[in-house]
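The block underneath contains the structure these notes are about, expressed in C-alpha cells.
The values are calculated or read from the model by the stated rules, or taken from the named source; none is laboratory data. Predicted, not measured: the structure shown is a model, and the values here were computed from it. Glycine also receives a Cβ, built like all others from the backbone with ideal geometry; neighbour counts cover every protein chain displayed. The accessibility values were calculated without ligands, DNA or RNA, using every heavy atom of the protein model including side chains. Shrake-Rupley method; radii C 1.70, N 1.55, O 1.52, S 1.80 Å.
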Amino acid sequence: MEQNIRKVALLGMGTVGGGVYKIIEKQKDQMVCKIGSELEISKILVRNKAKYADKVAPEKLTDQWSEIINDDNIDIIVEVMGGIEPAGTYIKEALLKGKHVVTANKDLMAVQGHELLDIAKANNCDLLFEAAVAGGIPIIRPLKQCLGGNEITEVMGIINGTTNFILTKMTEDGMEFADALQLATDLGYAEADPTADIEGYDAGRKLAILASIAFHSPVTFHDVYTEGISKITAKDIRYAHELGCEIKLLGIAKNIENGIEVKVHPTMIPSSHPLASVKDSFNAVFVHGDAVDDAMFYGRGAGELPTGSAVVGDIIDVARNMQFNCNGRIGCSCYNNIPVKDIGETKSSYYVRMKLEDRAGTLAALAGLFGSNDVSISMLLQKTKQGNTAEVVIVTYDVLEKQFMDSMTVISNMSMVKEVSSIIRVYH
Ligand code: NAP
Ligand code: HSE
C-alpha cells in the first residue's frame, strides 16, 4: 500500500482540540498500520497563540485562517473551536477547496448541517461529525451504517452530562437544584454560563442531529421543543420514586402517526427502563428499530479524551477513504421530508402536583374538569395537608398535550386551586 503523510489542521486547541492532539501523538506509530499513512497535525488555529506556547511546537500555531485554507498540503480540517461563526464559514471554505472536514460542533450541525453536507457532496468531500452527539459514544456512524437496515421509529437519550449529574445529585443526595448546579460548576462539569445545558438547548441540538439521521428527514434545532430542569425539586424526585420512576432530562424523537416528534424535557421514566440507571455525567442513547428491536449506547458524553476519541475516529475514516479514493461515500442520509409536529400535537401522560383547598367536592370538581376535556386520570393521591390546604398528585393517561394544557389553564384559575406546583411528563 502506498505510504504518505496526511496533513491535518486543528481549528481550536481547547478541551477537545487538546484531546485530539494527545491521542494522535500517542497513536503516531500505529497510525501507519491503521490508515496506511502517517497522520501529522501541521497547523493549529487559535486566537491567543501565547496561551498554547508550552503545549505545542510554536511553528504549528497560527492565528491566521488564511495560513490554513491556502496551504494545499493540508488535507483534513478538524473544526473544534465551536460556535456558529466563523466556524461555519471556515468549514464551507474548506469544503469548497476540496478539503475534508471533521467537526464536533453540534450548535452548527443542528442548524446548518444539511447545507454543509450538500456542499461536501458537491465537492466529493467527507464531512464527519461523530463527536457532535454524545461525545465519545459512537452513535452517528451506528445509525447511518450498522443500523442502516432498520426502520427506526424512536431515538431517545440522556444526551447532556451536566443535567444528568445535577439530577443524580438531587436523587441520591436529596440536594435541591441550585446546590446541585453549584456542585456541577465547582467540579467543572457546568460551563461558566450553564444556560444551554440547564434549559435543554444543548440536548435539543444533539436531538435534532439524531432525529435527522434516524428518520432520514431534515430536523433542525428550531424544530425541537425544549424545557429545562430548573423547576425540578427534590420533592418531585421523591414522589417519582414512590411511583417507581426516576426523573431524567430526556431527548425523545419519534417517527409515528404521520409526523416526527422531537422534544427535550424532564421526564419520569420507570426505574426498570435502561435509561433510568444512567447516572452522573454519563450519557446514553436508546434506539428502537423494526429489525434490531431495542439497542442502547452508553458512555462518556463529553471531556477531552472521550470527545477526542470520536474526533480521531472520524479523522481515521477520512484518511482511509483518501487511501482508497472513496471520500464522500457517506454524506447526508435524508431522503424523506416528514413534517415535524408541534408539541401540542404530541401525546404523553402527565404528573401534576398541586395544592388545593381541602374541602368536600374539590377533588370531584377537579376530576370533572379533566373529564370534560377528555383527560383521563390514572392515579390520584393526597400527599400532605397543611391547614386547609392539601397537596395532591395526579397522573393522567396518555393525552394530547394541547388538550391537557388547555385543561390546566382552566384548572389553575379555579378558586380552590392554590398552586400548580409542578407538571412533569411521564414516559411509559
Ligand atoms: P474550548 O475548550 O472553549 O476551546 C475552543 C478553542 O477554539 C480554543 O483553543 C480557542 O482558542 C479556539 N477558538 C475559538 N474561537 C476561535 C476563533 N474565532 N479563532 C481561532 N480560534 C478560536 O471548546 P471545547 O470544549 O474544546 O469545544 C469545542 C467544540 O467541541 C464545540 O463545538 C463543542 O460544542 C464541541 N464539543 C465539546 C465537548 C466537550 O466535552 N468539551 C464535547 C462534545 C462536543 P483561544 O483559547 O485562543 O481563544
Ligand atoms: N455541555 C455538554 C454536556 C457537553 O454537559 O453534556 C458537551 O456536549
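Could you list, in sequence order, all residues of segment 21-77 that are of a type in the set (S, T, N, Q) and within 16 Å of I5 (Cα to Cα)? Within segment 21-77, Q27, Q30, S37, S42, N73 meet the criteria.
Reported count of residues in segment 283-298, each being in contact with a Phe, Trp or Tyr (Cβ under 7 Å, 6 or more places away or on another chain) and open to solvent by less than 60 Å² (accessible area, probe 1.4 Å), is 2. Selection of segment 162-178 for residues being under 20 Å from the mean Cα position of the chain (by Cα) and of a type in the set (A, V, I, L, M, F, W, C) yields F165, I166, L167. Restrict the check to segment 209-228 and report whether at least one residue is within 11 Å of ligand 2 (Cβ to nearest atom) and not assigned by TED's automatic domain parsing to the domain that holds A110. No: zero hits. Among the listed residues T362, T384, which satisfies the condition of being more than 28 Å from A211 (Cα to Cα) and surrounded by fewer than 15 Cβ atoms within 10 Å (Cβ to Cβ)? Among T362, T384, only T384 is more than 28 Å from A211 (Cα to Cα) and surrounded by fewer than 15 Cβ atoms within 10 Å (Cβ to Cβ). Annotation for segment 271-278: no member residue is of a type in the set (S, T, Y) and open to solvent by less than 20 Å² (accessible area, probe 1.4 Å).
Quick one: is N321 of a type outside the set (V, I, T), open to solvent by 30 Å² or more (accessible area, probe 1.4 Å) and more than 16 Å from ligand 1 (Cβ to nearest atom)? Before the answer, list the steps.
Values: of a type outside the set (V, I, T): yes; open to solvent by 30 Å² or more (accessible area, probe 1.4 Å): no; more than 16 Å from ligand 1 (Cβ to nearest atom): yes.
No.
Can you tell me which residues in segment 299-318 are over 14 Å from P142 (Cβ atoms), within 16 Å of ligand 1 (Cβ to nearest atom) and either open to solvent by 60 Å² or more (accessible area, probe 1.4 Å) or part of a helix (DSSP H, G or I) (or both)? Matches in segment 299-318: R300, A302, E304, L305, P306, T307, G308, S309, V311, V312, I315.
Got at least one residue in segment 124-132 being in contact (Cβ under 8 Å) with a residue 40 or more places away in the chain and either among the β-branched types (V, I, T) or touching a His at 6+ places or on another chain (Cβ under 6 Å) (or both)? For segment 124-132, residues in contact (Cβ under 8 Å) with a residue 40 or more places away in the chain and either among the β-branched types (V, I, T) or touching a His at 6+ places or on another chain (Cβ under 6 Å) (or both): present.
In segment 146-155, is there at least one residue being open to solvent by 10 Å² or more (accessible area, probe 1.4 Å), part of a helix (DSSP H, G or I), more than 12 Å from ligand 2 (Cβ to nearest atom) and in contact with a Leu (Cβ under 9 Å, 6 or more places away or on another chain)? No: zero hits.
The residue list E85, E25 contains one member that is under 28 Å from K121 (Cβ atoms) and open to solvent by 10 Å² or more (accessible area, probe 1.4 Å), which is E85. So is S37 open to solvent by less than 50 Å² (accessible area, probe 1.4 Å) and more than 10 Å from ligand 1 (Cβ to nearest atom) or not? For S37, the condition - open to solvent by less than 50 Å² (accessible area, probe 1.4 Å) and more than 10 Å from ligand 1 (Cβ to nearest atom) - is met. A single member of N70, N48, N4 is open to solvent by 10 Å² or more (accessible area, probe 1.4 Å), among the polar types (S, T, N, Q) and closer than 24 Å to R329 by Cα, and it is N4.
Each residue in segment 165-174 was checked for being away from ligand 1 (no atom under 14 Å from the Cβ) and crowded, with 19+ Cβ neighbours inside 10 Å, and 6 of them qualify. Here I44 meets each of (1) over 24 Å from the mean Cα position of the chain (by Cα); (2) part of a strand (DSSP E or B); (3) more than 12 Å from ligand 1 (Cβ to nearest atom) with one exception, condition (3). For segment 333-359, taking the residues that are assigned to a loop (DSSP other than H, G, I, E, B) and β-branched (V, I, T), the one that is surrounded by the most Cβ atoms within 10 Å (Cβ to Cβ) is identified as T346.
Screening the candidates V111, V101 for the property of being part of a strand (DSSP E or B), of a type in the set (V, I, T) and within 23 Å of A211 (Cα to Cα) yields one hit, V101.
For segment 200-246, give me the residue count where each residue is outside any loop (DSSP other than H, G, I, E, B) and under 17 Å from the mean Cα position of the chain (by Cα). Steps first, answer last, please.
Narrowing segment 200-246 to residues outside any loop (DSSP other than H, G, I, E, B): 201-215, 221-223, 225-226, 234-242, 245-246.
Those still in the list that are under 17 Å from the mean Cα position of the chain (by Cα) too: 201-215, 221-223, 225-226.
Going through segment 200-246 one residue at a time, the tally reaches 20.
For beta carbons closer than 6 Å, sequence separation of 6+ or different chains, a first residue in segment 50-68 that is aromatic (F, W, Y) and a second that is in a strand (DSSP E or B), the qualifying pairs are Y52/L61.
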